[in-house]
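Notes for the one structure printed next.
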Amino acid sequence: MMIQLHPYDITVQYVRGNDLPVADTLSRLHPPHFDEECSLEIEFHVHSVMKSITVSDKKMGLILKENKRDPVMIELTSVIQKGWPNHRYQCSANMQPYWNVRDELSSVDGIILKRNRVVIPRALRRDILQQLHVAHLGMEKSKQRARSSVYWPNMSSAIEDLIRNCEACGKFSRNDQKEPLISTPNPQYPREYLGIDFCKINGRDYIVTSDYYSRFIETDRVESATFSEVIKKLKAYFVRYGIPEKFRSDSGPHFTFYELQSFFQKWDIQYLTSSPNFPESNGHAKKAVDIASRIMLKAIESNTDPYLSLLEYRNTPIDGEVSPAQLLMSRSLRSILPCTRQQLESNTVPKTKFLKARISRQERQKQNYDKAFNDLIELKDNQPIWVKLSKKATRWRKGVVTSCVSPRSYFIQAENGRFYRRNRAHLKPRSSVEGNSAQQSSGFKGDEDLPSEFQPPVTQSSSPKKAAPKTQDNHSTGKIFQDSPYRTPRTPTAPPAANSESRNKNW
Ligand SMILES: [Zn+2]
């Protein structure tokens, strides 16, 4: 039915039953014979959808091969071709999960589609999940990315499990503590307003620019942070995407060169800086640095290609349903995930609708902020957790809650076997799949992150009471960038594996 209706642009309008003399008659008037023309039309449509799917032959061959030997896929293909039963209870157990989406499923040449998403057989789901999570983006972003190209029942829970169990995400995730919301300008077109910042990742200098409109991030390694190097990189960006109207940075030493200022003047760019000692007003660029450095650190940690991670970030919807690539280039970028040809073709995002949605979302976020600020869930005894042991710690450590001392204050045992008391703000739940890894972990490198004041468990009465939301956590990511003159984001304490080092050396 959906496929038959696909070519029409339908407007639904309510009309009272009394005013519909013929509708009831028509709804009971089934065509007496099988409509061959209609069947051909459906087949034509399905073939055109298949033709538009740009999955590499190799990948398509793999999906096809698995579909042929997966009993569920074989049954699903057969049910799609022969027709679904009238009631859900008439379906086999294997078909039940597909019942709610049955109208959207089609099958041709051995491949099953849910609209234009490829239904992935069980044996390949693990691989697809790994590819989806190559950028180590958060739950919502990963789900949105998946929903744009692939499908299987309970895919969202699989993504949640994957991220909860991901070592790289656990170690380099953001602090639970919230930072004050920074309102950023909402430009009217791509590359109108650009932010820039520097960062050091794995001992190397990077320049990170981000477009306020599309959130498209560019990351470039620089040999030295001299003005000539900066100008060279900026010229390359501006030639590629056009000259921005406004350009914002903090008041760091890299941006005070006379040559840089005169370059902006010559290229007709309004140059804005945040006040000294108030880098928060360059929050957009700081966030871009945070995202870029996290993408790279997680890629190094999980031994994946950071270029693919950045590509996935650019393809992932960040504002509702639109990705940075769609906003900047009006199309999705071809990646290693299956996608339809339609997504690769130019298709401009309607600006008014998109900006309205963005502004209302920003307002909603602001309203919910105070509520979320107080929303850290309570931890239970023996609950596996991630813990940030010291102010200088760059990564989260594994641990287990031993007991709750007072509201928002817990005794925990860290992976080094030692006991600590920590505020809820420095603890976050960890999946229990790996079991109690406090004793098992072999990756712990010692107490290099721990200052001397850390104490073994103390009695409840001697513990000062702390309220999580009020705790100032100056070692949260943003603050690291803000406090450091060179904005050094998290740098792994352990060197990456040799092959990841060589693969990432150009970053
Ligand atoms: Zn991850």
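The values are calculated or read from the model by the stated rules, or taken from the named source; none is laboratory data. Note that the structure is a prediction, hence the values are computed from the model and not measured. Because the Cβ atoms are built from the backbone with ideal geometry, glycine has one as well, and the counts that use them run over all protein chains shown.
Brief remarks on what is shown
Yes/no matrix, rows are residues, columns are (1) within 18 Å of ARG397 (Cα to Cα); (2) at pLDDT below 85; (3) away from the ligand (no atom under 16 Å from the Cβ):
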residue	(1), (2), (3)
MET155	no, no, yes
ASN175	yes, yes, yes
LEU181	no, yes, yes
GLN188	no, no, yes
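- Check on ALA135, under 29 Å from ASN67 (Cβ atoms), of a type in the set (Gly, Ala, Ser) and modelled with pLDDT of 85 or more: no
- Enumeration of residues in segment 92-121 that are of a type in the set (Asp, Glu) and surrounded by 15 or more Cβ atoms within 10 Å (Cβ to Cβ): GLU104
- Any hit, segment 193-203, residues being in a strand (DSSP E or B), at pLDDT below 90, away from the ligand (no atom under 16 Å from the Cβ) and under 30 Å from ILE128 (Cβ atoms): yes
- Condition met for ASP19 (under 33 Å from the mean Cα position of the chain (by Cα), modelled with pLDDT of 65 or more, over 19 Å from VAL119 (Cβ atoms) and surrounded by fewer than 10 Cβ atoms within 10 Å (Cβ to Cβ)): no
- For segment 100-130, a residue qualifies if it is part of a helix (DSSP H, G or I) and either modelled with pLDDT under 85 or away from the ligand (no atom under 16 Å from the Cβ) (or both), and the qualifying residues are ASN100, VAL101, ARG102, ASP103, GLU104, ARG122, ALA123, LEU124, ARG125.
- Of all residues in segment 131-153, those being polar (S, T, N, Q) and within 14 Å of the ligand (Cβ to nearest atom) number 2.
- If the condition is being surrounded by fewer than 14 Cβ atoms within 10 Å (Cβ to Cβ) and either in contact (Cβ under 8 Å) with a residue 60 or more places away in the chain or not in a helix (DSSP H, G or I) (or both), then segment 348-358 contributes THR348, PRO350, LYS351.
- Of all the criteria given as (1) at pLDDT below 90; (2) part of a helix (DSSP H, G or I); (3) hydrophobic (A, V, I, L, M, F, W, C), the one not satisfied by VAL79 is (1).
- When ILE159 is tested against the conditions (1) more than 16 Å from the ligand (Cβ to nearest atom); (2) modelled with pLDDT of 90 or more; (3) crowded, with 19+ Cβ neighbours inside 10 Å; (4) part of a helix (DSSP H, G or I), the lone failure is (1).
- Members of segment 128-154 that are of a type outside the set (Gly, Ala, Ser) and within 28 Å of LEU427 (Cα to Cα): LEU129, GLN130, LEU132, HIS133, VAL134, HIS136, LEU137, MET139, GLU140, LYS141, LYS143, GLN144
- All of GLU345, GLU321 fail the test of being under 16 Å from the mean Cα position of the chain (by Cα), exposed (fewer than 15 other Cβ atoms within 10 Å of the Cβ) and away from the ligand (no atom under 16 Å from the Cβ), apart from GLU321.
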